[in-house]
1. Among 117-124, 366-373, how do they line up from the highest to the lowest mean number of other beta-carbon atoms within 10 Å?
2. Using a basic spin-label model with each label point 7 Å from the Cα along Cα→Cβ, how many nm lie between Glu153 and Val507?
3. What ranking of Lys239, Lys220, Lys456 emerges when the number of other C-beta atoms within 10 Å of each C-beta is taken as an exposure proxy, fewest first?
4. Dividing the convex hull volume of the alpha carbon atoms of segment 276-319 by its residue count, what do you get in Å³ per residue?
5. Show me 27-40, 319-332 ranked by packing, highest mean number of other Cβ atoms within 10 Å first.
6. Using Cα-Cα distances under 8 Å and only pairs 6 or more residues apart, what relative contact order does segment 3-88 have, in percent?
7. Please report the Cα spread of segment 164-271 along all three principal axes, rounded to whole Å, starting with the longest.
8. Please list log₁₀ I(q)/I(0) at q = 0.14, 0.15, 0.17 Å⁻¹ for segment 3-88, using the Debye equation with identical point scatterers on the alpha-carbon positions.
Amino acid sequence: MSITQQIKVAAQSAIFSLYQKTIAVDDILINETKPEFEGDFTLVTFSFTKLIGKKPDDIAQELGVELLKNDSLFSSFNVIKGFLNLSIQVSVYHEFLNNTWQNVQFGNHAHNGKKVMVEYSSPNTNKPLHFGHLRNIFLGYAMCELLKATGHEVIKANLINDRGIHICKSMIAWQLFANGATPESIGIKGDHLVGDYYVMFNDVFKSQVEDIINTKGITKEEAEKEASILLQAQEMLRKWEAGDADTMALWKRMNDWVYEGFYKSYARMGVDFDKMYYESSTYLLGRDIVLKGLEKGVLFKKEDGSVWIDLTDEGLDQKLLLRGDGTSVYMTQDIGTATLKYADFKMDSSVYVIGDEQNYHMQVLKLILQKLGEPCADGIYHLSYGMVELPTGRMKSREGTVVDADDMMDEMIAIAQKNTEELGKVDGFNEAELLKLYQTLGLGALKFYLLRVDPKKKMIFNPQESIDFHGFTAPFVQFTHARITSILSKAGEIGEANTPNYTLTSVEKNCLKLLEIYPSVLLQAAKEYNPAMVSNYVYQVAKEYNSFLVDHSILKADSEAAKHVRLKLSQLTKQVIAHGLKLLGIDSPDRM
């Protein structure tokens, strides 16, 4: 139990003992005491006045006396305008340090019996992974690791969007213009090759539309319907849905090129999946569920034979689930996939990492599943995130203005190399070690910058800023880890000596207070589906430790007791930084 939680429990007991009133532990507010006042933690009493019938100052004074009398956790207290400032026994901090400084699992929680599926990445097979995917991928991966650390059984899932007109656009363009080119024959990744033909399709389509407009003088909308390349793609889609052998063979061949490219990118990012789902296998599954819902009267049919659900009572609208010809729409497909995922794993919750432009879609999906009585419905959670832009503005796949994920990773590694060399931090590294260091710094900077912002917020990614060695960045945190490693290496064996009588300095105590809350930070971050809390926390830990080093010598400490405590503090700080960065998918180098 954290110190904060211990204070809350002690305060709850004291309030009952003094006033015979019961206050929920979660309703007791504890803050860190402000630097200008004496104390470690502050208990806020204003919310108790109505229940207890006394002034805040009186409650605080009486609580302070009661806590000091009956709980060995506290050494002293003072009251400032209704705020009860509590000082914690120094032995509590020593005990915490001695119990955790060698515990590399510190922060992890026991298994809680809950099973969670997190679906992330979900790319289309008509183009490579692009920069816009990176926030999704890193957010999904970090949430998986965070949920595992807080006791959940986690299934990492990826739904591949491998069917539809957008796929056929790449296919028809390759068929028309590639002259049989393959990834091997022209020496590029398969996902990049297929993506190039998706862009080519749209270039040709635009050109054809302009020619038709100029020739026939019709509207753009009318001209688009006549463009021959679109008509060919639509015909290819019909053949695919009919199972035409040649079309299916081409589809499989080009998809395989893309998958090979995806796997290489995923491996480079350091992310993985336990289960892959494919839209080509799931898009028909929802049809039977919808028809059963129609039989039960949950859904209704219109005159043209189309099937709908009425959500007007929920403040929404009517939603199409089956077309008049009996074919499925995206919502039908998602209904089927949701039930399939639940049938496969019987998870307690299913987290969808999807951009905020799909907020409405996800709200409707959950409502429909609830009305249909599907057991997966209540566990659905949409981890919605805002769009990421570059300083140059928004990107569009079909216009070829998107930055590929591979290119962004290359750029980040190149910036890491340039900045590291300029700082003169490459002495003693061989070529292989330098390459690994640049990758660790570049990819770490990319992940950290994208994860340090609350997922709900939109953001602008600045590559150069993300790799600043002195800012709110991964390289700053990584450098702190490497710095501690160097100190510990020079110190040698720390040993098991106990130092209960050593008086901690205020900075040492601040470091320990921050480290002590790490498990609680992880629980809160998991509860709020917000890895940014972990990013912010490890940065604060690194910042606090560097402040500690400004005024405190370790290897030349004034006493052996001080040296011993500071080495343990350093070891624990290193472990927490490494553990926190690992949850974010970021490596912690021992040398920089």
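None of the figures in this text is laboratory data; all of them are computed from the coordinates on show. All values reported here derive from a predicted model rather than from experimental measurement. No Cβ is skipped: glycine too gets one built from the backbone with ideal geometry, and neighbour counts run over all protein chains shown.
1. Ranked from most to least packed, the peptides come out as 117-124, 366-373.
2. About 4.8 nm separates the two model spin labels.
3. Placing the least packed residue first, the sequence is Lys220, Lys456, Lys239.
4. Each residue corresponds to 112 Å³ of Cα convex hull volume.
5. Ranked by mean Cβ neighbours within 10 Å, highest first: 319-332, 27-40.
6. So the answer I get is 28 percent.
7. Dimensions of segment 164-271 along the principal axes of its Cα atoms: 52, 29, 28 Å.
8. Computed log10 I(q)/I(0) values: -0.38, -0.45, -0.58.
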